[in-house]
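Chemist: Here it is, the structure, as structure tokens.
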Amino acid sequence: MQAYIDILFRTIFAILLLLLAAKLLGKQTISNMTFHDFVTGITLGSITANLAFNDKLQWSHVALSLIVITVTSILLSVIALKSRKMRSWISGSPTTLIESGKILEENMRRVRYTMDSLDQALRGKGIFNIEEVNYAVLEDNGTVSVLKKDEYQYVTKKDLKLRPNAQAFPVELIMDGVLIEKNLENNGLTKKWLENELRRKGKRISDVFYAVRGTQQQLVFDFYKDGIQKPIDKE
């Protein structure tokens, strides 16, 4: 029984330490998995797993190891920020896969990137014909950035010389059925105003699962009872 309790506390302690390390390292580690971030993440995961289940390891030793890894990672990030040359070695550098509509086979071989992977990345961006691509670049974090040929690019309002509409950042008013009063207050809105808007639809706040004021100041509601008689996907 004591062994189970020990594992329980070691696991909780490991998670808390890992959360602290992730907090110190910042959002960069989880948003863009470069070489540096990948190595740091794998190392931190291995250390915390050992802390949770290897009872032969002392807590203080593992905690010290986590601190060293975290500090080292932060130092590498600082060095990468200050030195472009070191940044390329620490985090990697972008690789051009397609240039002027031509596939650069040598670059693809150098980074061991296959045509299947390239086709998959392009389909993920809604491109099913490779002839539409002018440039494709494999970024540090493994994603592929694409510039389409001019004739395949979308027409914008600027191209059509249309007057753009004013946009605002969306404001969530109700989340998971809970009224977010702080968002109402920060945007000069009131609960009474929201109740009046819902009353026009024959609804109350308690009927709403999610509500947001969109970029064009429009109100979008999702109600608990959607009125869908035969849902396409039902678990």
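The values are calculated or read from the model by the stated rules, or taken from the named source; none is laboratory data. Every value quoted in this text rests on a predicted model; they were computed, and no experiment measured them. All Cβ positions, glycine included, derive from the backbone under ideal geometry; neighbour counts span all protein chains shown. Accessible surface areas use protein heavy atoms only, side chains included; no ligands, DNA or RNA. Shrake-Rupley method; radii C 1.70, N 1.55, O 1.52, S 1.80 Å.
Chemist: Can you tell me how many residues in the stretch 131-187 are in contact with a strand residue (DSSP E or B) (Cβ under 8 Å, 6 or more places away or on another chain) and β-branched (Val, Ile, Thr)?
Modeler: 7
Chemist: Here's another thing I want to ask about it. Can Ala121 be described as in the same structural domain as Thr43 (by the TED database) and part of a helix (DSSP H, G or I)?
Modeler: So Ala121 fails the test.
Chemist: If Leu189 satisfies every condition in (1) more than 26 Å from Ala211 (Cβ to Cβ); (2) outside any helix (DSSP H, G or I) but one, which is the exception?
Modeler: For Leu189, the failing item is (1).
Chemist: Of the residues Val78, Val155, which single one is assigned to a loop (DSSP other than H, G, I, E, B) and of a type in the set (Val, Ile, Thr)?
Modeler: Residue meeting the stated conditions: Val155.
Chemist: Hey, another quick one. Is it fair to say Gly142 is small (Gly, Ala, Ser) and either assigned to a helix (DSSP H, G or I) or over 30 Å from Thr40 (Cα atoms) (or both)? Give the derivation first.
Modeler: Values: small (Gly, Ala, Ser): yes; either assigned to a helix (DSSP H, G or I) or over 30 Å from Thr40 (Cα atoms) (or both): no.
Here the answer is no, as Gly142 does not meet what is asked.
Chemist: Just one of Ser65, Ser77, Ser46 is surrounded by fewer than 14 Cβ atoms within 10 Å (Cβ to Cβ), more than 30 Å from Val133 (Cβ to Cβ), modelled with pLDDT of 70 or more and not assigned by the TED database to the domain that holds Asn134; which is it? Let's see the steps before the verdict.
Modeler: Numbers: Ser65 fails: surrounded by fewer than 14 Cβ atoms within 10 Å (Cβ to Cβ); Ser77 fails: surrounded by fewer than 14 Cβ atoms within 10 Å (Cβ to Cβ).
Being surrounded by fewer than 14 Cβ atoms within 10 Å (Cβ to Cβ), more than 30 Å from Val133 (Cβ to Cβ), modelled with pLDDT of 70 or more and not assigned by the TED database to the domain that holds Asn134 holds for just one of Ser65, Ser77, Ser46, which is Ser46.
Chemist: Do you know which residues across the stretch 115-144 are of a type in the set (Ser, Thr, Tyr) and free of Cβ contacts under 8 Å to residues at least 24 places away in the same chain?
Modeler: Once the filter is applied, which keeps residues that are of a type in the set (Ser, Thr, Tyr) and free of Cβ contacts under 8 Å to residues at least 24 places away in the same chain, the stretch 115-144 yields Ser117, Thr143.
Chemist: Which ones in the stretch 194-215 are in a helix (DSSP H, G or I) and open to solvent by 70 Å² or more (accessible area, probe 1.4 Å)?
Modeler: Listed by number, the residues that qualify are Arg199, Ser206.
Chemist: In the stretch 158-167, what residues are at pLDDT 85 or above and open to solvent by less than 100 Å² (accessible area, probe 1.4 Å)?
Modeler: Answer for the stretch 158-167, where residues must be at pLDDT 85 or above and open to solvent by less than 100 Å² (accessible area, probe 1.4 Å): Asp159, Leu162.
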